[in-house]
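In what follows, a single structure is set out as structure tokens and then discussed.
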Amino acid sequence: MDNGITLVDISYQSPREQAFWQTVVLPRAAIEAEVERLASIARPANGRRAASVNHPMNTGPVPCFAPGIDVAIMVLKPGEETTPDLRNSSRVDICIRGTGVVKTGNKEFRVEKYDVWNTPSMQPQVVRNDGQDLMVRLSYSNAPLLERLEVHYVNENPQIAGQSDEGRELAANQRRAREASKPIPIGSDGAQMLGYEWLVDIDTIDSKALHWPWKEVEPHLGNVYSMDLGYTGRHLYVLYNPATERRIGTSPSFFATIAKLPPGKVDKPHRHTSAAINYIMWGHGKSAVNGQKIEWQEGDLHFSAPGWSIHNHASREQGFMALTIQDHPLHIANESLLWQETMKSPILKLGTDYGIQTNLATVAE
Ligand SMILES: [Fe+2]
């Protein structure tokens with residue numbers, strides 16, 4: 001065919017073997033050196049002194065640390081601020097040094113070391129360093145997936161900031177056009193036919209920037225740190241954003257958890273299709289991922305689990321604390337979140353199969 005389309009015979013073909021990206025650690029020293037380098041360059045016009053952490057197996061089109069997750073090290077010098085931009089990717093950020101003010105729409109909050117916040121898609125944000133030290137944050141986004149789909153919308157000079165509050169109210173009060181389109185049942189199992197209006201006027205949720213200040217999160221971590229070593233779950237809390245509903249996320253694509261493991265805890269080998277990146281906030285430990293052993297400590301960024309690879313993590317004599325970002329809600333929305341809690345357990349599809357039961361009720365007694 002002269003239009004370039006080819007027909008590829010896939011009869012008799014076995015399923016493609018998945019190429020798991022290997023587990024890797026970006027050490028604290030490399031992050032600190034990059035922070036110093038970013039602080040030394042001329043201020044970019046958009047205010048974003050940033051380096052994206054690129055996994056050695058990444059084939060593009062943009063730098064990323066897991067196939068669907070990028071992590072940018074972002075630096076602001078004292079008094080500097082970023083310019084607002086509009087993107088259809090969404091983010092989760094953690095401040096790892098200094099202090100700043102985050103302004104998203106008309107919401108503003110002050111952040112300091114280990115504060116976490118999310119930034120919804122299409123909400124311009126300004127981050128300002130209001131302290132005397134450098135302000136450093138790790139910013140995780142789902143941009144790599146959108147870039148792969150060639151639909152990452154980025155407007156660095158936004159003139160409109162989406163629907164105004166008045167516009168939203170007006171729209172909410174008017175009769176919806178879809179009410180004039182009656183669903184047509186097909187068969188008796190729930191299948192229907194719906195008119196166009198249902199496609200373009202879907203039910204909305206209130207997606208907003210939320211802030212988990214470290215000083216409010218930290219006091220609760222003692223609860224998971226002091227749990228019995230025989231606990232079969234994970235010693236963590238998820239930073240839950242109600243806009244993600246049953247997908248239990250921090251952003252529509254990612255969950256962020258803060259784990260605090262007691263000394264001597266060894267998780268059972270398990271796997272899930274969601275990919276995981278750990279930032280070690282305190283302590284040290286080791287992992288086995290796809291048969292590869294790796295060690296890490298405070299300040300390191302660990303690509304800790306390629307989706308569907310068998311892995312487990314273990315603390316040592318001190319325990320450890322880590323922020324984990326995983327593209328778990330994205331998979332739930334896609335009905336692709338497979339989970340195997342131990343290598344002897346069944347492979348479950350979370351969200352439609354009945355979920356995993358830990359021994360929490362027993363150990364909490
Ligand atoms: Fe895991």
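The values are calculated or read from the model by the stated rules, or taken from the named source; none is laboratory data. Keep in mind that what you see is a predicted model, and the values were worked out from it rather than measured. Neighbour counts are summed over all protein chains in view; Cβ atoms, including those assigned to glycine, are modelled from backbone coordinates with ideal geometry. Protein only, heavy atoms only, side chains kept; ligands, DNA and RNA dropped before computing areas. Shrake-Rupley method; radii C 1.70, N 1.55, O 1.52, S 1.80 Å.
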**OP:** Compute the Cα gyration tensor for the stretch 43-176, then decide on rounded, prolate or oblate, letting a ≥ b ≥ c be the square roots of its eigenvalues: rounded whenever a/c is under 1.5, prolate when a/b is larger than b/c in the other cases, and oblate in all that remain.
**Re:** oblate
**OP:** Apply the Karplus parameterisation 6.51 cos²θ - 1.76 cosθ + 1.60, with θ equal to phi minus 60°, to every residue of the stretch 34-46 and state each ³J(HN,Hα) to the nearest whole Hz, in sequence, with x for glycine and proline.
**Re:** 5, 4, 5, 4, 5, 6, 8, 7, 5, 4, x, 4, 8
**OP:** Before rounding to the nearest 500, sum -39500 (n - 2.57) across all DSSP H runs of length at least 4 in the chain and divide by the residue total; then give [θ] at 222 nm in deg cm²/dmol.
**Re:** -3500 deg cm²/dmol
Original post:
Taking only protein heavy atoms and a 1.4 Å probe, what accessible area per residue, in Å², does the chain have with all protein chains in place?
Top reply: 54 Å²
**OP:** With an 8 Å cut-off on Cα pairs and a minimum separation of 6 or more residues, tell me the relative contact order of the chain in percent.
**Re:** 15 percent
Original post:
Taking amide H positions as placed 1.01 Å from N in the peptide plane, with prolines and chain starts having none, which residues 5 or more places from MET281, or on another chain, fall under 5 Å of its amide H?
Top reply: GLY299, MET321, ALA322, LEU323
Original post:
Which residue fluctuates the most in the chain, going by a Gaussian network model with Cα springs under 10 Å, if the choices are ASP189, ASP133, ASP201?
Top reply: ASP189
Original post:
Considering only DSSP states other than H, G, I, E and B, which trypsin sites (Lys or Arg not before Pro) in the stretch 300-365 qualify as loop sites with at most 16 other Cβ atoms within 10 Å?
Top reply: LYS344
Original post:
Which distance in nm do the two modelled labels at ASP228 and ALA42 give, with both placed 7 Å along the Cα-to-Cβ direction?
Top reply: 6.4 nm
Subject >> Pairwise label distance in nanometres, GLU156 with THR204, each label 7 Å out on the Cα-Cβ vector >> reply: 3.0 nm
Subject >> Nonlocal amide H pairs with TRP308, under 5 Å, H built at 1.01 Å >> reply: HIS272, THR273, SER274
**OP:** Compute the Cα gyration tensor for the stretch 26-121, then decide on rounded, prolate or oblate, letting a ≥ b ≥ c be the square roots of its eigenvalues: rounded whenever a/c is under 1.5, prolate when a/b is larger than b/c in the other cases, and oblate in all that remain.
**Re:** oblate
**OP:** Net charge near GLY351: determine it from the other residues with C-beta under 10 Å of the C-beta of GLY351, scoring Lys and Arg +1 and Asp and Glu -1.
**Re:** +1
Original post:
Which net charge results when you count Lys and Arg as +1 and Asp and Glu as -1 among the other residues whose beta-carbon is under 13 Å from that of TYR153?
Top reply: -3
**OP:** Mind checking the stretch 106-195 for trypsin sites (Lys or Arg not before Pro) that DSSP puts in a loop (not H, G, I, E or B) and that have at most 13 other Cβ atoms within 10 Å?
**Re:** ARG175, ARG176
Subject >> Residues of the stretch 261-293 with amide N under 19 Å of the 7 Å Cα→Cβ point at ALA364 >> reply: 261-262
Subject >> In order through the stretch 80-90: 3J(HN,Hα) via Karplus (6.51 cos²θ - 1.76 cosθ + 1.60), integer Hz, x for Gly, Pro >> reply: 7, 9, 7, 8, x, 9, 10, 9, 8, 8, 10
**OP:** Report, ordered by chain and residue number, the lysines lying within cross-link reach of LYS268, taken as a straight Cα distance under 28 Å and ignoring same-chain residues fewer than 8 apart.
**Re:** LYS260, LYS286, LYS293, LYS344, LYS349
**OP:** Could you work out the local net charge near GLY319, counting Lys and Arg as +1, Asp and Glu as -1, over the other residues with Cβ closer than 11 Å to its Cβ?
**Re:** +2
Subject >> Value of relative contact order over the stretch 175-278, rounded to a whole percent, pairs C-alpha under 8 Å and six or more apart >> reply: 18 percent
Subject >> Long-range HN-HN contacts of VAL24 with modeled amide H, under 5 Å >> reply: PHE303
Subject >> Solvent-accessible ranking of LEU146, LEU7, LEU360, LEU323, largest area first, probe 1.4 Å >> reply: LEU7, LEU360, LEU146, LEU323
**OP:** Sort the chain into rounded, prolate or oblate with this rule: let a ≥ b ≥ c be the square roots of the eigenvalues of the Cα gyration tensor; rounded if a/c is under 1.5, and if a/c is not under 1.5, prolate when a/b is larger than b/c, oblate otherwise.
**Re:** rounded
